1. Roughly how many percent of the accessible protein surface of the range 134-186 is carbon and sulfur, given a 1.4 Å probe and a whole-percent answer?
2. If I compute solvent accessible area with a 1.4 Å probe over the protein chains, what percent of it on the range 322-363 is carbon and sulfur?
3. At residue 530 and residue 434, where each label point lies 7 Å from the Cα along Cα→Cβ, what is the point-to-point distance in nanometres?
4. With a sphere of radius 14 Å drawn around the Cβ of residue 92, what net charge do the other residues whose Cβ falls strictly inside it have (Lys, Arg +1; Asp, Glu -1)?
5. For residue 476, what is the net charge nearby, where nearby means another residue's Cβ is under 12 Å from its Cβ and Lys, Arg count +1, Asp, Glu -1?
6. Holding the Cα-Cα limit at 22 Å, pick out from 110/198; 243/347; 49/198; 110/163; 458/482; 142/198 the pairs that are longer than that.
7. Using a 1.4 Å probe, what is the accessible area per residue for the range 176-219, in Å²?
8. Got a sec to turn the phi values of the range 156-170 into Karplus ³J(HN,Hα) couplings, 6.51 cos²θ - 1.76 cosθ + 1.60 with θ = phi - 60°, whole Hz, x for Gly and Pro?
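The values are calculated or read from the model by the stated rules, or taken from the named source; none is laboratory data. Please read all numbers here as calculations on a predicted model, not as lab measurements. Heads up, the Cβs are rebuilt from the backbone with ideal geometry, glycines too, and the neighbour counts pull from every protein chain shown. Remember, those area values only see protein heavy atoms, side chains included, never the ligands or the DNA or RNA. Shrake-Rupley method; radii C 1.70, N 1.55, O 1.52, S 1.80 Å.
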Amino acid sequence: MKMFSVSHKTAFVVDHCPYMAESCRQQVECDVLTKSRGQGMIPLAPVSKSLWTCAVECSMEYCRILYDVYPLKKLLMSALAAVGPPNPQEDPECCSVLHGLVAAVESLCKITEYQHEARTTLMDTADRVANRGRIICLTNAKSDTHVRMLEDCVQETILEQNKMAAGSDRLMPIQQCELVLVHIFPQGEDTLVSDRPKKEVSSLLTSEVHSVRAGRHLATKLNILVQQHFDLASTTITNIPMKEEQHANTSANYDVELLHHRDAHLEFFKSGDLHMAGSTSRDSGLKETVTLKWCTPRTNSVELHYCTGAYRISPTDVNSRPSSCLTNFLLNGRSVLLEQPRKSGSKVISHMLSSHGGEIFLHVLNSTRSTLEDPPSISEGCGGRVTDYRITDFGEFMRENRLTPVPESPDTEASGKPPAERAKAQLERYTRYWPMIISQTTIFNMQAVVPLANLIVKESLSEEDLLTCQKTVYNLVDMERKNDPLPISTVGSRGKGPKRDEQYRIMWNELETLVKTHVAGSERHQRVLDCIIACRSKPPEEEERKKRGRKREDKEDKAEKSINKDSEDKSWQESERLKGVVERVKEEQGESEVIKDSPDSPEPLNKKPRLEEIQLPEKAKGPVSLLTMWTNRITVANSRKHQEFAGRISSVNNKAELYQHLKDENGMDLHENGKATR
């Protein structure tokens, strides 16, 4: 069947009843000469549009956006202009929107040029051309009951027109119709119609109801509907520099919102950068837009950029000054690069605005790796270079899930599932739990777990498979009893990593997670899980042994820390003793040099060895710690910066006796007055 979507045909029905001549009660100021108006001039009173005017303007805005993005030759505006505004004096009973709905259904049954071309092409085939359409009705309903009456009218009309189209070559039956009822009411009044999401009235008709205030609220609603109906998206260009009208020498930054096809944001959805690009919501979260930042335009429009797509654009507010300035700027042959706003890192140019043949396009620039470059290495992940992918395991995984042609045979038909479905089911089982990075798994890095991991993914287990899985679990229990090490990754952790019992706890948890994903396969899968749970629940003596092992590890850690501390204290004491010796020798060397300045000076009586002649204590066997080396260096440096205490130089065993000259031969202490005291 030749596919024509519902958006292939869209019929607008605008209610022309007398009530639509009522004011929308949203005032528009017309007096713009407030400052230059002279005295005695009466200010102009504000005006308000009628409901009919609001409905027609919003319908035209809907069509304008559609024709900008999908250019077609239509004359809808002239047709509405010929109708004229509704007459408020006319009898409401003589006017009904039902006539417009019937005419809309009749128009959907008519064959378009594209459908006629498709029917001509597919005339000799069994395919049929689908006929789908949408009706947008702008009216003022009385109640929810009135809305249901309009839906019934459209449903009955579709059935009648389909009967007529079945016997005609110029008409086509309607396979699907969407009815969008927009209830319009003035501002300041309460609505009598409830909003309702899309629901299926019948196999041919779906209906949805929107209750909207007239004025800017109606314009926003139609803007949202055109995006939903024709797969459009919004992009807001920020920080556009423009000169002020009142002050030509100054400029300000403005924002302009553009509508275009949704595929212009496809790269954002693929890379997950849609939030980073500045996705915001406005009008109570009903309207979303992606923000892109203006870059300084390049004067060379001939410069080529690697583009992956180009989409026509339509300004949301086409009559605003910023939109007009931007479109004129681009139509003059200039191009503008757009970047994603980022809080940190280098800027990323993702889009470009440029015009071709009098039409403005939003170009999508390639901001990721080009398809023309060499393919990326498997060690380069999405978040940067990752070097611990399970590349070897993945190659084995591909070999185990390789597809091969299967000839048709009675055995294949008797199996129940076709080969393609069985292959999909096997692939689903193999990928229920399959960590991609080595550091994220323990059991897949252990050869002891390989037999169980290869068997547990099977659709059903035999008795031999069950015994193999149980034997694997018992081997793991034996490893834990012997306190064997496990291949636990310590990437990103400080110190030695988790203790041995913690490593086994991680291993058992991961093994249990793997088996639980396949426990629904068969009864033997459940028995494997029961075996793991039983082995994890240790007896009391086993727990006591674990506690003793943890205490022993803690004692070993404390002993190691104590040894390190004692060695540091000894090194410090040795450096202090060496510091005293070096300082005393330096002081004596300084005194001897002063005495030797005179040529007749005799040699000093108590000649001490020079600093160079000091025999430093032999270094302890083994490597010298960094603390000892640094302490020795500081000691030598400090010994050259001060004069040694005179008493310590002539001391014995580092002890100096004070006031030796005050003692007489009989051991009496003499004072200045000549008296002696003991």
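1. Details: 1140 of 2200 Å².
About 52 percent, which is the carbon plus sulfur part of the accessible surface.
2. Details: 990 of 1970 Å².
Percent of accessible area from carbon and sulfur atoms in the range 322-363: 50.
3. Taking the simple label geometry, residue 530 and residue 434 are separated by 3.0 nm.
4. Details: positive: 142; negative: 15, 22, 90, 91, 93.
Summing Lys and Arg as +1 and Asp and Glu as -1 gives -4.
5. Working: positive: 471, 481, 482, 536; negative: 478, 480, 484, 510, 512.
Charge balance near residue 476 sits at -1.
6. On the way: 110/198 25 Å; 243/347 26 Å; 49/198 30 Å; 110/163 14 Å; 458/482 31 Å; 142/198 20 Å.
From 110/198; 243/347; 49/198; 110/163; 458/482; 142/198, over 22 Å: 110/198; 243/347; 49/198; 458/482.
7. Working: 1990 Å² over 44 residues.
The answer is 45 Å² per residue.
8. Working through the residues one at a time gives 5, 5, 4, 5, 5, 5, 5, 5, 5, 5, 5, x, 10, 8, 9 Hz.
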